[in-house]
Structures are given as structure tokens and as C-alpha cells.
Amino acid sequence: MTASQSPSDGRRATPGLVLALGAGVLGLGACADAEPELPTALDAVVFDTLFVIGAASGEPWEAFEGLWDIEADADGRLAVLDLGGPAIHIFDAQGEHVGSIAETGLKAGQLDGPLAIAWREPGDLLVWDPGSSWVSQFSVGSSSIQFVDRWRAFAFGETGFCASGDRTYLSYWQDGTVVHEIGEEGITQSFAPAPVVAGAETLRPDLLEIALEELTPSALLCTAAGVVDVGFVQSIVRLHDANGTPLWSKEFRDLRPIVAYSDDGIGLGRAFDPEGSHLLRSVVPWGRGMILVQHELRTSEFAADTGFERFESRLLDLADGSEVDRSKSFPLALTAQGRHLYLVQDDPFPTVTVVKIR
């Protein structure tokens, strides 16, 4: 592990679909106001900008090559996962660079192919690295980052990740379920039945298995109420308590899914709607009682081929999953704490803008 320390600030990029979304329990701290009452009309929200992280050039923690995930803890620390290194850069609540996890390899404290990060407590960072099949734990102080421990975790396909205290969850397809609590000895429980894949009935068995692994996992958000899972490419959103008991489930009836198909019976294809299929970009807490779910409309596998960037944002009540509000103009937020949102954009270069909701 390399803990590089600098007073510089730096930041982020989101060149591709943000799939490996990790998130910690909504907590209270310097960055999160106690039990905030946030606006329920998205288009009426007013922001105060606190600071911006990002640069056209500079040190690795100033100019990112390919951001995949960002997560803020309850004390305001921000972890940025940049696939370009790969590296994980840590910033304090004022946007100052604390240090980076940047050494690559398979040894303890090193990165191979990290795809998700999550704070399970303030200053306690977990890194999910499917490249080496480890979940690694780091202790983050005011000016240092220390490797603590790691444990094995195996997953296939796209993977959601979140943590709360000593409980850690991954989302991937296995034996018909897509949410698994992971302990140091492996899976401790599995829940959340895999959703139906559009077009699955046309696939032969071996291609169907690949489609299930690719298209059924969810992004995960650990909240005080339990574990929220939202399908990356499916219409389903659900809440289970920490022990896997289902509390509610709903579908976005207007969501246009990706459809699995095979032209030749050998290769698996993914068909996009000409008006845009919905790909999940983020699910973040909105105060203590709601969640913000944001989808990108995509007409092809690659965002650059789509020719437009459009997001659909939905505000849901965490008590029952009912829709509170929706917007087609709300900016993309990849993480949140209390009244603080962390907004991202790529033009003219990747940045994270930290704002406070009035």
C-alpha cells in the first residue's frame, strides 16, 4: 500500500456506467446533519456549493483516469475509486487530500482489480476487489491510511456492495438469489430472488446462465432500515431488513429494460430500446426516510454512441417504496450524507462538486 499525503485536492471521473455502487449506513457526524428533513420536490432543490474536486491535469489525486465509485462517510471523508491506477484516493471533509491506496499486486494492502468501496463506520473503509477475490479493510485517519485485514469473497458478473458495522453485503447471482451477506468464512445468508431477465425465454441454457450473471445483480445501499437493492438493468427495487426478511418490493413500470438475445445461438447480445433503455447510475440516501434512485437512458452499450446524456431521477419513500417525486433534470449524485450531495460530471474534465441542500 502506498499512502501518499499531500495538501492538494483532486478528483474524479465517470467515463462509463457506474455499476459497482457501494454505500454505508446513513450516519450522523460532522458532514451529516442529525435526521435532516430534505425537500420532497426535486426540481425545487437549491444547492450551496462547498467545494469542487477535479483538474484537467496534475497528480493522480487531482486528475482521474476513470472513476468507478465514490463514497462519503458520516464524518465527511470522501473515498474515490479511480480505475486508471487503479487507486483509491481519500479526501477530508474540506476536500484536502489525505492519502491514496495505490500499490498494485496481490499482497495484503495492494489493489488488483477493485470495483467497489464502502464505509462501514467513519474512518473504516472496505474495498471489494474481484480481481484478487478479497474484501480489504483500511483504517483512515486525519493524515494516514493503514491496512487492517482482508477476507475472501468470490462473486461473478456485475456486483453491488455495501456495509454496515460488522455486516457486509455483495450482490451477484448465485442459486437464484442476488444478495449475499459475506463473513470472514464466506456467505452467511442469501436472499432477494433473482429478477426475470427480459428475453430469457429465447436463450439456450448455457447462455441463460450468462445472462443471469450479467443482468440480475443489484446496486446495494445499506440504510438504518435495512438493505436496499436496485437492479442495475432490471426494474425492481426492494428493501430487506439486515437479516434478509423482505419488507417491500416494487417495480418501475415505465422502465425500458435491456433485452437479452442470441442471433446465432452461440453469443449473447444485449438489445437497447431506440428511445433509451434504463441503466442504473446511483442509489443514495435522501435524509433518513427516503432514497434517490437515478437511471441513465442508453441506446447502446457505449455512452458515447448514444449521442445524449439524460438521467431520470426518482425519490422513493423508504417506508414502503412509494414514489414521492421524479425529475428529468436533477444532476447525477453518486453518494450523499445528510444534507450533503456529491455531484459528478465529466465535461470539460471529471469533477466532484460537493453541495449542501438548503
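All alpha carbon pair distances within the chain were sorted into 20 Å bins beginning at 0; the resulting P(r) in whole percents reads 32, 61, 7.
Taken as Cα centroids, segment 69-98 and segment 137-189 sit 18 Å apart, rounded to the nearest whole angstrom.
Taking amide H atoms as placed 1.01 Å from N in the peptide plane, the amide H of GLU103 lies under 5 Å from those of THR2, LEU111, each 5 or more residues away in sequence or on another chain. Using a Gaussian network model on the chain with a 10 Å cutoff between Cα atoms, which of VAL148, VAL127, VAL52 fluctuates the most? Among VAL148, VAL127, VAL52, the largest mean-square fluctuation in the Gaussian network model of the chain belongs to VAL148. Computed over segment 42-357, relative contact order equals 13 percent, with contacts defined as Cα pairs under 8 Å that lie 6+ residues apart.
Under 5 Å from the amide H of GLY84 lie the amide H atoms of GLU65, GLY66, each residue being 5 or more positions distant or on a separate chain, with H modelled from the backbone and absent for Pro and chain starts. If R0 is 30 Å, the Cβ-Cβ spacing of ASP175 and LYS107 corresponds to a FRET efficiency of close to 0.40. The distance between label points at ASP273 and LYS250 comes to 1.8 nm (points 7 Å beyond Cα on the Cα→Cβ vector).
FYI, it's all coordinate maths here, none of it is from the lab. Computed from a prediction, not measured in an experiment: that's the story for all the values here. So basically every Cβ, Gly included, is an ideal-geometry build from the backbone, and we count neighbours across all protein chains shown.
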